[in-house]
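Chemist: Structure below; questions to follow.
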Amino acid sequence: MEGVTKSLASRDDFVMFLFTLMSNKKTFLQTATLIEDILGVRKEMIQLEGIPNLPSLVQSFNQQQLANFCRILSVTITEPDLGNDDKHTLLAKNAQQKTNLCPSHSEVNQVALLNIPGFIERLCKLATRKVSEASGASSLLLELQDWYTLLDNALVLDALMQMATEDAEQSSTESPDESSLVTSPLRHSLPQSMKIVHEIMYKVEVLYVLCVLLIGRQRNQVHRMLAEFKLIPGLNNLFDKLIWRKQTSTHVLHGQNQNCDCSPEISFKIQFLRLLQSFSDHHENKYLLLNAQELNELSAISLKANIPEVEALVNTDRNLICDGKKGLLTRLLSVMKKEPAESSFRFWQARAVESFLRGSTSYADQVFLLKRGLLEHILFCIIDSGCKSRDVLQSYFDLLGELMKFNIDSFKRFNKYVNTEEKFQTFMTQINSSLVDSNMLVRCIILSLDRFESQTDDVRVAEVLSECSLLSYMVRVENRLTILFKLVNIINVQTLTQENVSCLNTSLVVLMLARRRGKLSFYLNALREKEYTEKYPGCLLNNFHNLLRFWQRHYLNKDKDSTCLENSSCILFTYWKETVSVLLDSDRTSLCAIASYIDEAYMDLGRDFLEV
């Protein structure tokens, strides 16, 4: 009854009182269900600090209750999605940051959770706990397909569990870390398949909370704790038996929509991949995804190439890494290469592997993945698999860019795979069909070409430069100009988002490299001629001028982290800033200023781009 729910949700005192009822085991499930409904319609996010005795309440929960509490917590630590694309533009986000100088409610709530003693440690235990599995149970999940849609809520399953055990008294001395979920003999009266789904649904909630905390402001603190409590080795031990269990061919997808949230197993896999992506992204702890043998392999690659080992690799605590025959990253690569062509898991898998490569380029990391056939797999997906999904293609373009950047071996392998004109044209058609999706790869190719051209004394480099079809294509100025024109033409200040702002940065990379070689004026003049050919004089350059003014406001803000641009391009951020300043110079006699190439009749540089 929506009216009743909204009325109750508006009363802070009532909502806070409900949380106190969660301390009673008999009322926990009903209370949790009611709180979830109320928070779903409440306009303002609750403050966890306002819950009476929150730390002692959470510490009183057994592991089963804590997992369900995570379902409630997810609403309190995530910013609500306003569902309006305009709100996701960088203009809107920057304006919002100026008005909201204080931490958001969700950020305050994240800090409150991290201050609860033992909270993260218990979540790690929940995430990595094994299911007491009978032999041959791996395919029993198939029994559940008919009732997935009914039992899509962990609280409903808990209610069934409670019904099965209501005649039995739970031991009052039960350890909070080992709840009846695993230890009670009554648990075995439930179908084994239900036990598996029950555990999977718990883990979905727990992984979601850990993922949100990993990308929050307290990221480094959370990282230290997840490493200390061995989350990654624990997930590695669960990978084959629970996370990516072998399924029959009939259970690749659930219905038509692969991300359908009525399938606990699909939600679990996606949440697991999102966690890996957040864990690896620009963080030295990424090497915890490997085992000792794989870390030694990275060291050997560096030694053979006569380059120093990456500092983060040297500093990795080997007591916290994966054990077993394979690390988590290698296991992920194995299932990634077997994933069916129509599977959207490909997107999340590629994102997780790409995050391992992001940041400062590591030759050893790239070679480690090349040796496992990753480049050939990506090229097969882009060229030969018939993949039509733009999201999946974008994730593969981005991953390919990170794998090939500055790596001569990658370009050699590329040329070996793309060994016909037909294959090359298919590849370039995929790239040119959507530069918003492929521009990060284009940027990596252009940056690599620039570096290789300064290393022609190396016989291997000279050989690849002369033979590689991709480098030969990009070396032609007319091709780079065509790409530059498209990049500037598909974005404007009002439509810039976190997704397409990379187009602006890629266009800047093209012009920075031109400036280094004294050819900036040539490129600007070519853009001017293109305008006149298209019969839109001033349109492109005015737009680019506004984009660069926005760039200054966006990236020179003291809260913005410019190290990502510097690390990914190996171009000092000071040079980025200088190039933008040169391009925006108001002196119309400067051959490197955009203003010099716009006829006065078409000048539109005075209008504030914040005006819609």
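The values are calculated or read from the model by the stated rules, or taken from the named source; none is laboratory data. Predicted, not measured: the structure shown is a model, and the values here were computed from it. Backbone-built Cβ (ideal geometry, glycine too); neighbour counts: all protein chains shown. Keep in mind that these areas ignore ligands, DNA and RNA; they rest on the heavy atoms of the full protein, side chains included. Shrake-Rupley method; radii C 1.70, N 1.55, O 1.52, S 1.80 Å.
Chemist: I'd like the accessible area for residue 357: 1.4 Å probe, protein heavy atoms, all chains in place, Å² to the nearest 10.
Modeler: 10 Å²
Chemist: Taking a point 7 angstrom from the Cα of residue 323 along the C-beta vector, which residues in the range 204-236 have backbone N less than 12 Å away?
Modeler: It comes to 233-234, nothing else.
Chemist: Also, I was wondering about something else. For the range 293-301, in order, what is each residue's ³J(HN,Hα) by Karplus, 6.51 cos²θ - 1.76 cosθ + 1.60 with θ = phi - 60°, in whole Hz (x at glycine and Pro)?
Modeler: Values per residue, Gly and Pro as x: 4, 6, 5, 5, 5, 4, 4, 5, 4 Hz.
Chemist: Another one. Would you mind checking the radius of gyration and Dmax of the range 470-553 based on alpha-carbon positions, in Å?
Modeler: Rg then Dmax for the range 470-553, in Å: 12.7, 37.
Chemist: Go ahead and run the numbers for FRET between residue 240 and residue 478, Cβ-Cβ distance against an R0 of 45 Å, rounding to 0.05.
Modeler: Once rounded, the FRET efficiency stands at 0.30.
Chemist: Let me ask another. Tell me the carbon and sulfur percent of the accessible area for the range 469-513, rounded to whole percent, probe radius 1.4 Å.
Modeler: 52 percent
Chemist: Accessible area per residue for the range 385-436 in Å², computed with a 1.4 Å probe and the full protein assembly in place, what is it?
Modeler: With the other protein chains kept in place, the range 385-436 gives 40 Å² per residue.
Chemist: Going from most exposed to least, what order do 583, 556 have by accessible area with a 1.4 Å probe?
Modeler: Greatest to least solvent exposure: 556, 583.
Chemist: At a 1.4 Å probe radius, which order do 592, 468 fall into by accessible area, largest first? If you can, show how the numbers build up before the last one.
Modeler: Numbers: 592 45, 468 0 Å².
In descending accessible area the options line up as 592, 468.
Chemist: On to the next question. In whole Hz, what ³J(HN,Hα) sequence does the range 418-428 give by Karplus (6.51, -1.76, 1.60; θ = phi - 60°), x for Gly and Pro?
Modeler: Running phi through 6.51 cos²θ - 1.76 cosθ + 1.60 with θ = phi - 60° gives 8, 9, 9, 4, 4, 5, 5, 5, 4, 4, 5 Hz.
Chemist: Skipping prolines and chain starts, which residues have an amide H placed within reach, meaning under 5 Å, of the one on residue 497, given they are 5 or more residues away or on another chain?
Modeler: Placed amide hydrogens put 90 under 5 Å from residue 497.
Chemist: If 17, 573 are ordered by their accessible area, calculated over protein heavy atoms with a 1.4 Å probe, which sequence runs from highest to lowest?
Modeler: 17, 573
Chemist: Please identify the trypsin sites (Lys or Arg not before Pro) of the range 456-503 that satisfy two criteria: DSSP loop assignment and at most 13 other Cβ atoms within 10 Å. Which are they?
Modeler: Answer in residue order: 476.
Chemist: If the reach is capped at under 16 angstrom between alpha carbons, list the lysines near residue 412, excluding any in the same chain fewer than eight residues apart.
Modeler: 371, 423
Chemist: Roll a 1.4 Å probe over the protein chains and send me the accessible area per residue for the range 488-547 in Å².
Modeler: Heavy-atom SASA per residue in the range 488-547 reads 41 Å².
Chemist: Using +1 on the beta carbon of Lys and Arg, -1 on that of Asp and Glu, and nothing else charged, what's the dipole of the range 302-381 about the Cα centre, debye to 20?
Modeler: With Lys and Arg at +1 and Asp and Glu at -1, about 280 debye.
Chemist: Also, quick follow-up: List residues of the range 50-70, by number, whose backbone nitrogen lies under 19 Å from a label position 7 Å along Cα→C-beta of residue 108.
Modeler: 50-55
Chemist: Lysines within cross-link reach of residue 25: Cα-Cα under 28 Å, excluding same-chain residues under 8 positions apart?
Modeler: Those lysines meeting the cut-off are 6, 125, 130, 195, 203.
Chemist: Can you give me the accessible area per residue for the range 255-376, using a 1.4 Å probe, in Å²?
Modeler: 41 Å²
Chemist: Turning to a different aspect of this structure: For the range 327-417, what % of the accessible area comes from carbon and sulfur atoms, probe 1.4 Å?
Modeler: Carbon with sulfur: 51 percent of the solvent-accessible area.
Chemist: Just to be sure I understand the model, the point goes 7 Å from the Cα along the line to the Cβ. What's the resulting residue 304 to residue 422 distance in nm?
Modeler: 3.4 nm
Chemist: Taking the square root of 5 times each eigenvalue of the Cα gyration tensor, what semi-axes in Å does the equivalent ellipsoid of the range 394-471 have, largest first?
Modeler: Working from the Cα gyration tensor, I get semi-axes of 21, 15, 10 Å.
Chemist: Sticking with this structure for a sec: Taking H placed 1.01 Å from N in the peptide plane, check which residues at least 5 places from residue 263 or on another chain put their amide H under 5 Å from its amide H.
Modeler: Result for residue 263 returns nothing.
Chemist: If you don't mind, another one. Using label points projected 7 Å from each Cα along Cα→Cβ, tell me how many nm separate residue 23 and residue 494, to one decimal.
Modeler: 5.6 nm
Chemist: List the equivalent ellipsoid semi-axes of the range 436-583 in whole Å, largest first, each obtained as the square root of 5λ for an eigenvalue λ of the Cα gyration tensor. Write out the running numbers ahead of the final one.
Modeler: Details: eigenvalues 130, 78, 38 Å².
Semi-axes (√(5λ), whole Å): 26, 20, 14.
Chemist: Over the range 1-58, with every protein chain in place, what whole percent of the accessible area is carbon and sulfur at 1.4 Å, could you tell me?
Modeler: 56 percent
Chemist: Suppose the chain between residue 586 and residue 228 were pulled fully straight at 0.36 nm per residue; how much longer would it get relative to their current alpha carbon spacing?
Modeler: 123.4 nm
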